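S.K.: First the structure, which I've put down as structure tokens, then a few questions once you've had a look.
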Amino acid sequence: MDKFLKTIKTFVNSSKYLLFTVDYEYFKKNHSNHEILDEKCFLNDFYQLLAIHDLNPYSIGYTRNNNYTNEKNVFLSIFGKETAIKKVPNVSCLAIISTFNEKDIILEVVYHLLNQGVDVHVMDNWSTDDTYRILVNEYQNNKRVTISRVPLEKPKHKQYKWHDILSHKEKIAIDSDYDWIIHHDADEIRYAPWENIKLIEAISWANYLGYNAIDFSEIVFRFTDINLDIYSEFERNILDYEFGRRDGHFLRVNTWKNNKDISLAGYGGHNCEFPFKKVFPLKFLMKHYPLRNEEHAIEKIFKDSFHDLSLTGKNMVGMAIMINIKKKTLKLGKIIT
């Protein structure tokens, strides 16, 4: 193993990206006799063995070696020159957010983006709660935040035309002078794929390397106890999460280098399309908070969202929530329409 790791180091220093896998059983049987290694061969032991050979992976963890079992029996480590972020000049970036009745979380989301070096344009779709007023009161004098309403005139009847909203986002992006654009939802918190690195720094690194689009891994956070009243600071208070369960959850290429040929509306906002797209290989992180407490779940599913299902002619997969208000029970399940 020691001899092999010395060889690997040569490839690491010359490769943009290198994925190195080691079978758990093989490692247990053939590992070096360094004192730091115990008989259980924990992942930390493998990491320390790499460190002895001056191999510092961008990421390390478990994976599986086949497509018919969920057993994770292989160590996976990722190396490469492009995984080692360096300080480069920052680009400018604008996150475009559409809102409807997000008064409880919108300030947390906007504050986070500003702290991450990203400017914000919020398009309010005529919220019936205090979302718009809260935004205006907090940010009307902040040059880094723009607040507008879409459509310009208040509609006579409640409507939520997602395609039109996305088309409007395209126009805002194209008309702006920002280098990069993020199509951002009002209930998302986004991070760079490196610790202690701001979002703008990571986007600037991808730009410096010649990439013009960025993908995100979505992690969905949900409240799991209806007896807990969580109405603010959702990132700190909602800690239970799950990874996506369908293909759409693993496609979030909705951050791009600004250009005139962007098509966002045609793909429902999950995937931006334009000629010569080059996606950065490392996924960034998206923390999603679609259902934040029992009251919000009832409001969103039964009052705000049901009419959305008829807006597209395509089949769509969504989350159905069945709430027995009298018994105060909540059940999550999938529904296909």
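S.K.: So how strong a dipole does the stretch 126-184 carry about its Cα centre when Lys and Arg Cβ are +1 and Asp and Glu Cβ are -1, to the nearest 20 debye? Don't jump to the answer; show the numbers that get you there.
M.R.: Details: 10 positive and 9 negative charges, 54 e Å.
About 260 debye.
S.K.: Excluding same-chain residues fewer than 8 positions from K72, which aspartates and glutamates have a Cα within less than 16 Å of its Cα?
M.R.: D23, E25
S.K.: Between D240 and S92, what length in nm is gained on full extension when 0.36 nm per residue of separation is reduced by their alpha carbon distance?
M.R.: Numbers: separation 148, 0.36 × 148 = 53.28 nm, distance 3.32 nm.
Difference between extended and current length: 50.0 nm.
S.K.: Kindly state, to the nearest 0.05, the FRET efficiency for H53 paired with N115, given R0 = 51 Å and r defined as their beta-carbon distance.
M.R.: E(calc), rounded to 0.05, equals 0.85.
S.K.: Between W162 and E71, take the C-beta separation as r, use R0 = 41 Å, and let me know the FRET efficiency to the nearest 0.05.
M.R.: After rounding, the FRET efficiency stands at 0.55.
S.K.: At 7 Å along Cα-to-Cβ for each site, give me the label-to-label distance between N259 and K283 in nm.
M.R.: Each label point lies 7 Å from its Cα, and together they span 2.4 nm.
S.K.: Largest first and in whole Å, what are the equivalent-ellipsoid semi-axes of the chain based on the Cα gyration tensor, each being the root of 5 times an eigenvalue?
M.R.: 40, 26, 18
S.K.: Nearest 0.05, what FRET efficiency do S217 and N142 give at R0 = 30 Å with Cβ-Cβ as r?
M.R.: On the way: r = 30 Å, r/R0 = 1.00.
Approximately 0.50, to the nearest 0.05.
S.K.: Any chance you could run the full-extension gain for L209 through I226? It's 0.36 nm times the residue separation minus the Cα-Cα distance, nm to one decimal.
M.R.: 1.5 nm
S.K.: Give me the extension gain from R149 to T10: residue separation times 0.36 nm, minus the current Cα-Cα distance, reported in nm with one decimal.
M.R.: Extending this stretch completely gives an extra 44.5 nm.
S.K.: Stick to Cα atoms and the Kirkwood definition of Rh, then tell me Rg/Rh for the stretch 56-162.
M.R.: So for the stretch 56-162, dividing Rg by the Kirkwood Rh gives 1.21.
S.K.: Right, next: How many Lys pairs in the stretch 225-306 lie less than 19 angstrom apart by Cα atoms, where the lysines are 8 or more positions apart or on different chains?
M.R.: Details: K257/K277; K257/K278; K257/K283; K260/K277; K260/K278; K287/K300.
Number of lysine pairs found: 6.
Here, each number is a calculation from the coordinates, and none is a lab measurement. Only a predicted model underlies this, so the values are computations on that prediction, with no experimental measurement involved. Heads up, the Cβs are rebuilt from the backbone with ideal geometry, glycines too, and the neighbour counts pull from every protein chain shown.
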